[in-house]
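Inspection log for the structure reproduced underneath, given as structure tokens.
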Amino acid sequence: MIAAIGNSEYLSRRTAPLLRELNGTDGPLLVGTDHPRNTRSAVPPDGIELTDRDAVLAHQNVDVVYVSSATGRHFDDCRAALAAGKHVLVEKPVSLTAAEARELDAMARACDRTVFECLSYPYHPGWTDFLARVRVEDWADSVSVSAVFRIPGREPTDFRRHPRHGGAAADLGTYCVDALMRLGAAAEELDIGAVLFGESDADGGAAITRRLIGGRTFTYTGSWAIGDSYANSVVVADPHRRLELLRAFSPRVDTPGQVVGRRRDEPGPRVVATSEPTNATRACLTAAARHLRNSRTAGLVECPAILRRIAALEEATATSLA
């Protein structure tokens, strides 16, 4: 049975119904929190039963724990779940430092358990379509690859605004750096720094690197922010053509993904690929369930790539709001 730790808004809005679906029961999802019965806990929606965090970890029928706590607590919650003998599904990023991720991987291997990071966007067929289009294009000698994720400002109490939870770098930067890596960027070569917003209190960052691939120069840039605007796309372009995946990092539930293309000799952009309607979170959790059933996947799934991504962002997550 799957239970959860962390009474997050995302869990109740998006993930809890899918976890109940994986449990194959109409019963409520058991959600552990340090404060299940006081004013810090909102009344749970239908389908969720709040209880103590330790009660979830000690529950004999719970063999998988989904970690939906604030980002800075992921490492401790994952470690506690592994110590209790549970498999772990954890929202991205699995931890804020590469050393923590290595420790979780080693711990999971030692106790023959699996840790799966739930970063959903690559499981949407729109992303698959986009990658396929990028790979078959005959790009010019100079190619730009950009990943942008910006969301309107959050309240000062939002966990994303606090350095102990990594700020925008951990929340939004994870998406951008991950996408650049999937498109060929070397994480260890990324130059990552803060983005300044004048007198505003926006929290943001940027990443850039260049690589020579197959005789072509690829310039990779990522930009993320919690500020006053919204942007959510990945673009690959050269002087002659452009491909863009709309809503790349948070595709709407059960709507088609769209890849938009434009060539220099065309009057405007056009949709060049439309994927089937998909719930990316469901697709991600379905993939996670396959790993949990596979006895050969002990440890942190895709550990090398996750370690490189976390290491690239580590300094930014430590100093994002200092």
Query raised in the report: GNM, the chain, Cα, under 10 Å: largest mean-square fluctuation among 127, 224, 139?
Result: 139
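So how do 155, 302 rank on accessible area, 1.4 Å probe, biggest first, that is with the largest at the start? Working shown, then result.
Values: 155 130, 302 105 Å².
The ranking, largest first, comes out as 155, 302.
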Report task. Among [x] 17.4; [y] 22.4; [z] 16.0, find the value of mean projected area of the Cα convex hull in nm² that was calculated from the structure presented, and write down its label. Result -> [x]
Query raised in the report: About the Cα centre of the range 1-122, what is the dipole size in debye to 20, counting +1 per Lys and Arg Cβ and -1 per Asp and Glu Cβ, all else neutral?
Result: 140
Report summary line: For the range 59-67, in residue order, the Karplus 3J(HN,Hα) values (coefficients 6.51, -1.76, 1.60; θ = phi - 60°; whole Hz; Gly and Pro = x) are 5, 5, 8, 8, 10, 9, 10, 9, 9
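Ranked by accessible surface with a 1.4 Å probe, highest first, in what order do 120, 295 come? Could you put the intermediate results ahead of the total?
Values: 120 20, 295 100 Å².
These residues rank, largest area first, as 295, 120.
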**Report entry** Those residues of the range 232-265 whose amide nitrogen sits under 20 Å from the label point placed on residue 141, 7 Å along Cα→Cβ
**Finding:** 237-242, 264
Query raised in the report: Quick one: if you stick a label point 7 Å off each Cα along the C-beta vector at residue 271 and residue 219, how many nm between them?
Result: 3.2
**Report entry** Karplus-derived 3J(HN,Hα), 6.51/-1.76/1.60, for each residue of the range 279-289, Hz, glycine and proline x
**Finding:** 8, 4, 5, 4, 4, 5, 5, 5, 5, 4, 4
Report summary line: One finds the C-alpha centres of the range 154-173 and the range 47-88 to be spaced, in Å, by 22
Query raised in the report: What distance in nm separates the simple spin-label points at residue 294 and residue 311, each placed 7 Å from Cα in the Cβ direction?
Result: 2.4
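May I ask for the net charge around residue 22, where only other residues with Cβ less than 15 Å from the Cβ of residue 22 are counted and Lys, Arg are +1 while Asp, Glu are -1?
So the environment of residue 22 carries a net charge of +3.
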Requested in this report: Quick one: what are the phi-derived ³J(HN,Hα) couplings along the range 248-264, Karplus 6.51/-1.76/1.60 with θ = phi - 60°, whole Hz, x for glycine and proline?
Outcome: 4, 9, 9, x, 4, 5, 6, 10, x, x, 10, 9, 10, x, 8, 10, 4
Report task. Could you give the size of the charge dipole of the chain about its Cα centre, using +1 on the Cβ of each K and R and -1 on the Cβ of each D and E, expressed in debye and rounded to the nearest 20? Result -> 640
Report task. Would you mind checking which residues have amide H under 5 Å from residue 5's amide H? H placed 1.01 Å from N; only 5 or more apart, or other chain. Result -> 32, 66, 67, 68
Query raised in the report: Which percent, to the nearest 5, of DSSP beta bridges fully inside the chain are antiparallel?
Result: 55
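How do 54, 63 stack up against each other in accessible area, from largest to smallest, with a 1.4 angstrom probe? It would help to have the intermediate numbers written out before the result.
Values: 54 105, 63 75 Å².
From most exposed to least exposed: 54, 63.
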**Report entry** Theoretical ellipticity at 222 nm over the chain - DSSP helices of four or more residues, -39500 (n - 2.57) apiece, nearest 500
**Finding:** -8500 deg cm²/dmol
**Report entry** Helix 303-319 axis, angle to the chain major axis (alpha carbon atoms, nearest 10°)
**Finding:** 90
**Report entry** Rounded tilt (10° steps) of 74-83 against the dominant C-alpha axis of the chain
**Finding:** 50
Report task. Please work out how much length the chain gains when fully extended from residue 54 to residue 211, using 0.36 nm per residue of separation minus the C-alpha to C-alpha distance, in nm with one decimal. Result -> 51.7 nm
Report task. List the relative contact order of the chain as a percent without decimals, with contacts defined as Cα pairs under 8 Å and 6+ residues apart. Result -> 20
Query raised in the report: Looking only at 306, 213, 192, which one moves most when the chain is put into a Gaussian network model with springs between Cα atoms under 10 Å?
Result: 213
Report summary line: In the range 39-180, taking the dipole from +1 charges on Lys and Arg beta carbons and -1 charges on Asp and Glu beta carbons about the Cα centre, the listed residue (123, 175, 69) farthest towards the positive end is 69
Report task. Report the net charge of residues surrounding residue 268, where surrounding means a beta-carbon distance below 15 angstrom and charges are Lys +1, Arg +1, Asp -1, Glu -1. Result -> +3
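The values are calculated or read from the model by the stated rules, or taken from the named source; none is laboratory data. Given the structure is predicted, the values throughout are model-derived calculations rather than measurements. Note that we place each Cβ from the backbone using ideal geometry, even for glycine, and neighbour counts take in every protein chain shown. Just the protein is used for accessible areas: all its heavy atoms, side chains included, with ligands, DNA and RNA removed. Shrake-Rupley method; radii C 1.70, N 1.55, O 1.52, S 1.80 Å.
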